[in-house]
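Here's the structure we're looking at; comments come further down.
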Amino acid sequence: VVLRWQGRCTECGEWGSIEEEHADPAVGQLGVLGADQPAAPARPLGAVRPEAARHATGLGELDRVLGGGLVRGSVTLLGGEPGIGKSTLLVQALAGLAARGATCLLVSAEESPEQVHLRAARVGALHDRLLITGDPALARIVGHVDAVRPDVLAVDSIQTIHHPEVAGVAGSLTQVRECATALVRLSKERDVATVLVGHVTKDGSLAGPRSLEHVVDTVVSFEGDRHHGLRMLRALKHRFGSTHELGLFEMTAAGLAGLEDPSRLFLADRRPGGCGSVVAPVMESGRPLLVEVQALVSPTQAPMPRRAAQALDGARLGMLLAVLARHAGVDCASADVWASVAGGVRVSEPATDLAVAVAVASAAHDLAVPDGTVVVGEVGLGGEVRQVPQIERRIAEAARLGFTDAVVPPTTPDVPGSRLQRVATLEEALAVAR
Ligand code: TYD
Ligand code: MG
């Protein structure tokens with residue numbers, strides 16, 4: 001055995017979360033134990049019936065991410081930055097569950113029951129089967145669970161609950177972990193589907209939630225740009241389903257509304273036919289979305305012109321400017337270049353390269369891409385246009401929204417409802433802007 005000091009958890013990257021444990025001398029001597037009678041014989045894997053007992057919330061976008069709803073006896077961590085809308089999503093989900101016959105218990109230790117009532121009334125989430133308590137003491141929460149016998153327990157937030165037998169104040173790493181572990185045990189024992197809300201800051205510095213990821217069954221993250229109404233929900237870990245689903249919501253005056261047609265929101269304020277504007281079909285967690293890529297090119301005398309990328313990869317923008325200069329005759333060496341994706345969605349895939357490059361060229365030369373055209377493709381260092389994953393789904397989504405023309409990589413197969421302009425090089429692609 002090698003003993004050494006370790007300050008950082010190799011699993012979650014958290015500092016100071018590792019505690020010393022003393023080995024139980026009985027462990028390691030299993031060889032001397034007698035055999036216990038098994039409760040049930042082992043069975044063929046194929047004969048095991050998966051538990052399909054889920055509580056649907058009725059919020060389509062949430063159920064999509066959960067794979068159909070909350071699984072009985074499971075624990076879901078709902079993480080996100082403060083103010084993003086976790087409590088709103090939670091109360092709407094609980095009202096949906098209650099409306100479907102589930103008894104729900106909300107432990108709201110962060111906001112008073114009166115405050116939650118006001119919010120719930122505003123978003124139409126009051127229901128007789130949705131019960132609330134403001135009690136933050138863990139032992140009394142267990143008491144409430146035994147009194148109410150809920151199907152669903154929600155704790156908002158895990159950072160405000162405390163366990164009197166554990167050291168530290170509510171929200172400290174030990175408290176958060178011990179309380180979560182106790183709630184996980186409670187949830188399994190009572191067969192209650194539990195949702196724990198956890199605040200996470202951008203740098204993950206707020207104690208707790210990240211260290212809970214291996215304690216809970218499912219981790220969903222609620223994200224978005226506070227300045228835009230768009231909210232994205234993703235599963236980061238899911239023991240009972242896929243982690244590739246994306247849920248989209250819009251924060252409105254009446255709470256969160258599921259966005260079944262997000263592309264329309266992203267393109268709502270677009271000025272068709274404007275210079276420096278290109279519509280690109282991107283994939284977000286397996287969902288095709290149409291976004292508007294914008295560029296602004298402005299001459300400057302400065303020795304170091306500015307390059308600014310918003311909601312796009314800045315290094316990729318630099319690379320595209322070099323390829324534009326070298327292979328397509330678009331020189332931005334004495335101009336400031338801004339490029340952005342409008343609407344609050346962050347795009348990081350190389351499939352948007354061609355759209356960004358065409359937007360910059362369109363801005364630099366005061367040319368417009370014809371209305372009704374989308375642009376998609378990866379750009380290589382030689383100025384060649386390369387194929388991207390799921391090209392047909394991207395073009396089909398564009399066609400569905402009335403974009404009849406698409407500038408695409410040369411190997412793209414035909415897609416019904418769309419006129420394709422296959423381009424082998426960036427230079428060929430630029431010819432579409434007039
Ligand atoms: P909240 O759910 O309290 O966030 P969290 O629990 O993640 O901290 O949401 C807070 C924000 O949402 C707040 O700035 C106001 C806004 N909001 C709306 O825009 N519409 C609504 O109907 C509600 C309830 C909140
Ligand atoms: Mg909250």
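The values are calculated or read from the model by the stated rules, or taken from the named source; none is laboratory data. Worth saying up front: this structure is predicted, and the values here are computed from it rather than measured. Positions of Cβ are generated from backbone atoms using ideal geometry, with glycine treated the same way; all protein chains shown enter the neighbour counts. Accessible surface is based on the protein model in full, side chains and every heavy atom, while ligands, DNA and RNA are left aside. Shrake-Rupley method; radii C 1.70, N 1.55, O 1.52, S 1.80 Å.
A few notes on this one:
- Restricting attention to region 145-201, the residues being acidic (Asp, Glu) and within 16 Å of ligand 2 (Cβ to nearest atom) number 1.
- The set of residues from region 322-372 being within 19 Å of residue 403 (Cα to Cα) and among the polar types (S, T, N, Q) comprises 352, 362.
- Output for region 62-85, where each listed residue is out of contact with any helix residue (DSSP H, G or I) (no Cβ under 8 Å at 6 or more places or on another chain) and surrounded by fewer than 24 Cβ atoms within 10 Å (Cβ to Cβ): 63, 64, 67, 68, 71, 72, 81, 82, 83, 84, 85
- Going through (1) under 25 Å from residue 377 (Cβ atoms); (2) assigned to a loop (DSSP other than H, G, I, E, B) one by one, residue 302 falls short only on (1).
- Some residue of region 185-207 being within 16 Å of the chain's Cα centre (by Cα) and closer than 26 Å to residue 400 by Cα: no
- For region 342-351, a residue qualifies if it is under 20 Å from residue 385 (Cβ atoms) and in contact with a Leu (Cβ under 9 Å, 6 or more places away or on another chain), and the qualifying residues are 347, 348.
- Candidate set: region 69-105, residues that are among the small types (Gly, Ala, Ser), on the phi < 0 side of the Ramachandran plot and more than 10 Å from ligand 2 (Cβ to nearest atom); chosen: the one modelled with the lowest pLDDT: 79
- Selection within region 92-108: residues that are in contact with a helix residue (DSSP H, G or I) (Cβ under 8 Å, 6 or more places away or on another chain) and hydrophobic (A, V, I, L, M, F, W, C). The member of this set that is nearest to residue 57 (Cα to Cα) is 93.
- Taking region 318-351 as the range and being touching a residue at least 40 places away in the same chain (Cβ under 8 Å) and part of a loop (DSSP other than H, G, I, E, B) as the test, the residues that pass are 328, 329, 330, 342, 343, 344, 345, 347, 349.
- Taking region 362-434 and the strands (runs of 3 or more DSSP E) fully enclosed by it, the elements with 1 or more residues that are within 25 Å of residue 298 (Cα to Cα) are at 373-375.
- Yes/no for residue 157 being among the polar types (S, T, N, Q), under 22 Å from residue 91 (Cα atoms) and more than 17 Å from the chain's Cα centre (by Cα): yes
- Residue 115 being without any contact (Cβ under 8 Å) to a residue 24 or more places away in the chain, not in a strand (DSSP E or B) and not aromatic (Phe, Trp, Tyr): yes
- Test result for residue 176, at pLDDT 95 or above and either open to solvent by less than 50 Å² (accessible area, probe 1.4 Å) or under 25 Å from residue 212 (Cβ atoms) (or both): no
- Selection from region 153-200 of residues that are under 23 Å from residue 62 (Cβ atoms), more than 16 Å from ligand 1 (Cβ to nearest atom), part of a helix (DSSP H, G or I) and β-branched (Val, Ile, Thr): 184
- In region 216-261, residue farthest from residue 57 (Cα to Cα) [restricted to those that are among the polar types (S, T, N, Q) and out of contact with any Lys or Arg (no Cβ under 7 Å at 6 or more places or on another chain)]: 252
- Single residue of region 137-165 satisfying the filter (touching an Asp or Glu at 6+ places or on another chain (Cβ under 6 Å) and open to solvent by less than 30 Å² (accessible area, probe 1.4 Å)) that is nearest to residue 18 (Cα to Cα): 157
- Among the conditions (1) within 26 Å of the chain's Cα centre (by Cα); (2) farther than 19 Å from residue 54 by Cα, residue 131 misses just one, which is (1).
Condition check ((1) polar (S, T, N, Q); (2) at positive phi; (3) within 17 Å of the chain's Cα centre (by Cα); (4) at pLDDT below 90) across all residues:
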| position | (1), (2), (3), (4) |
| --- | --- |
| 245 | no, no, yes, yes |
| 251 | no, no, yes, no |
| 255 | no, yes, no, no |
| 258 | no, no, yes, no |
| 273 | no, yes, no, yes |
| 278 | no, no, no, no |
| 286 | no, yes, yes, yes |
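- Verdict on residue 125 being assigned to a strand (DSSP E or B), in contact (Cβ under 8 Å) with a residue 60 or more places away in the chain and within 16 Å of ligand 2 (Cβ to nearest atom): no
- Residue that is most open to solvent (accessible area, probe 1.4 Å), among those in region 391-426 that are farther than 14 Å from residue 370 by Cβ, of a type in the set (A, V, I, L, M) and under 25 Å from the mean Cα position of the chain (by Cα): 396
- Selection within region 109-122 - near ligand 1 (Cβ under 10 Å from one of its atoms) and in contact with a helix residue (DSSP H, G or I) (Cβ under 6 Å, 6 or more places away or on another chain): 110, 120
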